[in-house]
Amino acid sequence: MSHEVRGVVSLAKGEPVTMQTIIVPDPGPGEALVAVKACGVCHTDLHYREGGINDDFPFLLGHEAAGTVETVGDGVGDIAPGDLVVLNWRAVCGNCRACRRGRPWYCFNSHNAAQKMTLADGSVLSPALGIGAFAEKTLVHAGQCTKVDPMVRPEVAGLLGCGVMAGLGAALNTGNVSRGDTVAVIGCGGVGSAAVVGAKLAGAARIVAVDIDDRKLATAAALGATDTVNSRTADAVEAIRALTGGFGADVVIDAVGRPETYEQAFYARDLAGTVVLVGVPTPAMRIDLPLLDVFGRGGALKSSWYGDCLPTRDFPMLIDLHLQGRLPLEAFVSETIALDEVEAAFAAMAGGDVLRSVVVL
Ligand SMILES: NC(=O)c1ccc[n+]([C@@H]2O[C@H](COP(=O)([O-])OP(=O)(O)OC[C@H]3O[C@@H](n4cnc5c(N)ncnc54)[C@H](O)[C@@H]3O)[C@@H](O)[C@H]2O)c1
Ligand SMILES: [Zn+2]
Ligand SMILES: [Zn+2]
């Protein structure tokens, strides 16, 4: 059997997204059918629509979601119908070299549903990040579902499915921010603001938020940034150095992912400090740094894919912290919208009006 639902599809590069009828198969072995309750609009969805990820149109967009398990296929034991789950794009395989070495957050064989969702005419859809959750129902691998405390609101829980987890993890996991560290975050959208929150949670002594939009800086300050720098009017590197005793920050997180922000991150850190690149560059971007500076300044230049998270380890823990009042995830939900308002939400995101627009179903 299959299900006919409504979903948000990107049919062709650069074209506005449209509502389409989606055919969702019943779950096969190892799969789960999830009734989507909430799905955030992430910059990566816009990257897909612009052809910046790959050319496998049509895409069923949406990948930052929470929902209720409707049915499961054979062999699924960890989740059951009725469970509130956060969807993830890192269902680790347990068998690849990374998993076997005990570094499953680098798993390069993570699971997705084997069956395909299609349009009514049979064309196969590419679900964004193997999820496709701007739809009333979606089909995923059961390992993409992490059960969390049902007390949490779905529009808040779903945020952990991508951007907020990426930002929190960039600080907590990849950057390994520790008590007393100085931290700078360049770009304070949904991802960067979450990095600010992660740095605060880890006990950073000073958190410098950098953005070109004063509204984002105000939000970052409300979330725990101790200082803000508008890099349109001030030199980000000089400002971060001035705020950190002339040294630079221990950890600088680039949550934009452009050559100029990466270069700022590279020079704004203290000697032997850490750069974490979590913003996603486009294929055309290049950096040009004196190799002697790469050597001489030492430290670590790291990338953070999905905040180096492990959904099974991190999602329930972060939801618990949220329910205890220690993690203000609700602050990231700027607006809740309907499924047919995703295109407008892209405009709001591009205009810098929101941290997250979240589709609620
Ligand atoms: N690594 C991962 O796993 C992962 C996961 C999710 C998203 N991302 C990526 O993270 C990036 C940020 O995503 P988002 O959802 O927060 O986007 P967003 O559009 O909400 O935020 C981007 C922010 O950067 C600011 N900005 C833009 N240019 C700047 C500049 N030159 N200097 C300083 N600030 C600048 C904007 O004003 C905005 O506040 C995107 O590239 C996205 O694709 C990465
Ligand atoms: Zn693996
Ligand atoms: Zn995303």
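Some notes on this structure:
- The C-beta contact set for the stretch 333-360 (first residue within 15 Å of Ala38 (Cα to Cα), second residue charged (D, E, K, R) and within 16 Å of ligand 3 (Cβ to nearest atom), distance under 7 angstrom, 6+ apart or interchain) comprises Val333/Glu155; Val333/Arg356; Ser334/Arg356; Thr336/Glu155; Val358/Glu155; Val360/Glu155.
- One residue stands out among those in the stretch 38-70 that are among the β-branched types (Val, Ile, Thr) and surrounded by fewer than 24 Cβ atoms within 10 Å (Cβ to Cβ): the one that is modelled with the lowest pLDDT, which is Ile53.
- Condition met for Val24 (buried (at least 24 other Cβ atoms within 10 Å of the Cβ), away from ligand 3 (no atom under 16 Å from the Cβ) and among the aliphatic types (A, V, I, L, M)): yes
- If you go through the stretch 86-107 and pick out every residue that is outside any helix (DSSP H, G or I) and either surrounded by fewer than 18 Cβ atoms within 10 Å (Cβ to Cβ) or among the aromatic types (Phe, Trp, Tyr) (or both), you end up with 8.
- Whichever residue in the stretch 229-287 is β-branched (Val, Ile, Thr) and assigned to a loop (DSSP other than H, G, I, E, B) and, among such residues, is surrounded by the fewest Cβ atoms within 10 Å (Cβ to Cβ): Thr233
- Residues that are away from ligand 2 (no atom under 16 Å from the Cβ) and free of Cβ contacts under 8 Å to residues at least 24 places away in the same chain number at least 2 in none of the helices (runs of 4 or more DSSP H) confined to the stretch 108-211.
- One residue alone among Asp83, Asp55 is more than 16 Å from ligand 2 (Cβ to nearest atom) and under 30 Å from Met151 (Cβ atoms), and that residue is Asp83.
- Tallying residues that are closer than 19 Å to Gly257 by Cα and of a type in the set (Ser, Thr, Tyr) within the stretch 175-223 yields 1.
The values are calculated or read from the model by the stated rules, or taken from the named source; none is laboratory data. Since we're looking at a predicted model, the values are computed, not measured. When we count neighbours, we look across all protein chains shown, and the Cβ atoms used for this are built from the backbone with ideal geometry, even at glycine.
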